[in-house]
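Written out below as structure tokens is the structure these notes cover.
Computed from the coordinates by the stated procedures, all read-outs in this text should not be read as laboratory data. Note that the structure is a prediction, hence the values are computed from the model and not measured. So basically every Cβ, Gly included, is an ideal-geometry build from the backbone, and we count neighbours across all protein chains shown.
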Amino acid sequence: MSIQVAVNGYGTIGKRVADAVTLQPDMELVGVAKTRPNHEAELAVENRYPLYAAIEDRVELFADAGIDLAGTAAEMVAAADIVVDATPSGIGAENKSLYESHDTPALYQGGEDADLVDVSFNARGNFGAAADADHVRVVSCNTTGLSRLLAPLQEEYGVEKARVTLVRRGGDPSQTDRGPINDILPNPVGLPSHHGPDVNTIFPELSIDTLGLKVPATLMHTHSVNVTLGSTPAAEEVRDLLGEQSRTFMIPADSGIDGAGALKEFAMDRGRPRGDIWENCIWSKSVSMEGSDLYLFQAIHQESDVVPENVDAIRATLGTADAAESIRRTNETMGMDL
Ligand code: NAD
């Protein structure tokens, strides 16, 4: 029997997770829920995904727009083995009682507070921790990128201290109401940004300080990373270690990829859906050692790096595969080949 997966919230993250679920041989998409009949609701219909109304009072709006519904979100949850909640920050917390009333385990996204859930999740960092949990949070795009980077460094060399400056995109391409415009904001001005404490939900003992900035860009985030390691490997050795990870893309020094724009072009040229880049993009040339201090730059595609993590979190929570098997299956079906 394949795992019946419902996706509540069919926006930036939800539509990508729904697509990824349909690629999994061990999963079936019960349907997706939307609040209103906009172009994304039409996309769900075009994709033949059963569409449910997230808010009961709005059922008529869908009928007025000529969109057939399969039912309400409550009916979708009742039919599912697990729900992926991909609603805007804070709405997941409001939906928690719906999932509890149906005894259906739920995955939430990084916009929710860590204390909403039993466990925060990253496949490379703590896959096993989600086993049998009822409420699991797939950490944010930035925390996912940092967890994937820090896990192998911690295992191989030990991490004495990580210091990361995150240059964050002001909004996603479709978020017309976001900024800043023509400005560069320390955000937050005080330390730490929320990312360091968030990494500690995956690695409780890891010493990490993070600073954040926001810039008028939409394509990707960029991290400037300094990690004091427990030993002094050569830069080449660290480069090889990071390159062996299955969700990293080591940007070749001679590729001409000099920023987020070129990375997106690269992904679109290779037929990636929506130009998505699920991997951490690490500039090979930036990987440098000064004594025991590692330095590097990585770019993170905020709209897509959490998508394979959601797929893995489904198996981790229901206990249907171990970390290696789940990651292998997800990578293979999604075509994670960079
Ligand atoms: P989004 O606004 O693009 O999509 C959210 C969708 O949920 C929209 O379609 C909206 O109509 C729908 N929705 C609103 N209220 C709802 C309700 N009560 N029930 C069902 N659906 C409802 O948001 P997003 O960017 O996909 O973010 C979703 C979550 O993922 C947030 O927690 C966010 O912090 C997190 N996240 C976002 C990004 C990113 O860069 N976009 C990256 C990682 C994690």
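Some points to look at:
- Taking N as the residue count of the chain, its C-alpha radius of gyration divided by 2.2 N^0.38 Å amounts to 0.99.
- Whole-Hz Karplus values for region 163-177 come out as 10, 10, 9, 9, 9, 9, 5, x, x, 6, x, 8, 8, 5, 8 Hz, taken residue by residue from phi with 6.51 cos²θ - 1.76 cosθ + 1.60 and θ = phi - 60°; glycine and proline positions read x.
- Summing Lys and Arg as +1 and Asp and Glu as -1 over all other residues whose Cβ lies under 10 Å from the Cβ of residue 317 gives a net charge of -4.
- Positive end of the dipole of region 44-156 (Cβ unit charges, origin at the Cα centre): among 99, 76, 144, the Cα lying farthest that way belongs to 144.
- Residue-wise HN-Hα couplings along region 129-135, as the Karplus relation 6.51 cos²θ - 1.76 cosθ + 1.60 with θ = phi - 60° gives them from phi, are 5, 7, 3, 6, 6, 8, 10 Hz; Gly and Pro carry x.
- For residue 147, the shell of other residues with beta-carbons less than 11 Å away shows a net charge of 0, using +1 for Lys and Arg and -1 for Asp and Glu.
- The residues 288, 231, 140, when put in order of fewest to most other Cβ atoms within 10 Å, stand as 231, 288, 140.
- Of the trypsin sites (Lys or Arg not before Pro) found in region 1-95, those that fall in a DSSP loop while having at most 11 other beta-carbon atoms within 10 Å are 48.
- For the pair region 1-56 / region 279-316, the C-alpha centres are spaced 27 Å from each other.
- Taking θ as phi - 60° and the Karplus parameters 6.51, -1.76 and 1.60, the scalar couplings of region 282-293 work out to 10, 6, 3, 5, 7, 6, 9, 10, 10, x, 9, 8 Hz in sequence order, x denoting glycine and proline.
- Taking every DSSP beta bridge that has both ends in region 122-253, the antiparallel portion is near 55%.
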